[in-house]
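Structure, as structure tokens:
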């Protein structure tokens, strides 16, 4: 399938870029950052070099197997399912892989002293939220991705309503966080945590309310 070739290309690009930059990295590099965007954890350059390829390989592996082992996602789409649900999970996985590869290589380039990208990394998490928000409304019912609650898994209609709501919250919240990414202190980090919390919990409550409404209407 084409998406597996793209995933392989992303993975190999990260490996090649990492290999080319590795000798230019200092022995000790940041591997964890606080809410203020400042590094608060350090490790060896080997850890940083291997972390992203390992995560990309994990995403690639999930992309390869989840559609096949998921009892819901492996079924044919319903006749009334939106056409956009076809391939949405693969597109989401590839988008996250691409963002992860760019963020990793960008960090390595900066640490190697080949370019000044100070502060650009603050946009990574907001962009991830926006990508997730863009694809959530198009992810078909499944057990592994999207807003999975007992009520969304019990009703395709509730699933779609809930994931549309979550998609809007993640996308517009991520956009707001991107605007605050360069704010001084912990403003951007706190905003990011707040958006992630609201975007994750509000749809859960909404899914229960909508499921209850559906049950009442069916009686």
task: State whether the residues of the stretch 136-155 include one that is modelled with pLDDT of 90 or more, in contact with a helix residue (DSSP H, G or I) (Cβ under 9 Å, 6 or more places away or on another chain), outside any loop (DSSP other than H, G, I, E, B) and within 23 Å of residue 124 (Cα to Cα).
output: no
task: Determine if the stretch 179-187 includes at least one residue that is over 26 Å from residue 214 (Cβ atoms) and assigned to a helix (DSSP H, G or I).
output: yes
- request: Those residues that are at pLDDT below 80, farther than 19 Å from residue 54 by Cβ and out of contact with any strand residue (DSSP E or B) (no Cβ under 9 Å at 6 or more places or on another chain), I need them from the stretch 1-37; list them, please.
  value: 1, 2, 3, 35, 36, 37
message: Exactly one condition in (1) at pLDDT 85 or above; (2) assigned to a helix (DSSP H, G or I) is false for residue 191; which is it?
response: (1)
message: Can you pull out every residue in the stretch 69-121 that is more than 18 Å from residue 148 (Cα to Cα), modelled with pLDDT of 70 or more and either assigned to a loop (DSSP other than H, G, I, E, B) or out of contact with any helix residue (DSSP H, G or I) (no Cβ under 7 Å at 6 or more places or on another chain) (or both)?
response: 102, 110, 111, 112, 113
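The rows are residues; the columns are (1) surrounded by 15 or more Cβ atoms within 10 Å (Cβ to Cβ); (2) under 22 Å from residue 91 (Cβ atoms).
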{"position": "167", "(1), (2)": "yes, yes"}
{"position": "172", "(1), (2)": "yes, yes"}
{"position": "182", "(1), (2)": "no, no"}
{"position": "192", "(1), (2)": "yes, no"}
{"position": "198", "(1), (2)": "no, no"}
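The values are calculated or read from the model by the stated rules, or taken from the named source; none is laboratory data. Quick caveat, the model's predicted, so the values are computed rather than measured. Every residue, glycine among them, receives a Cβ derived from its backbone with ideal geometry; neighbour counts consider all protein chains shown.
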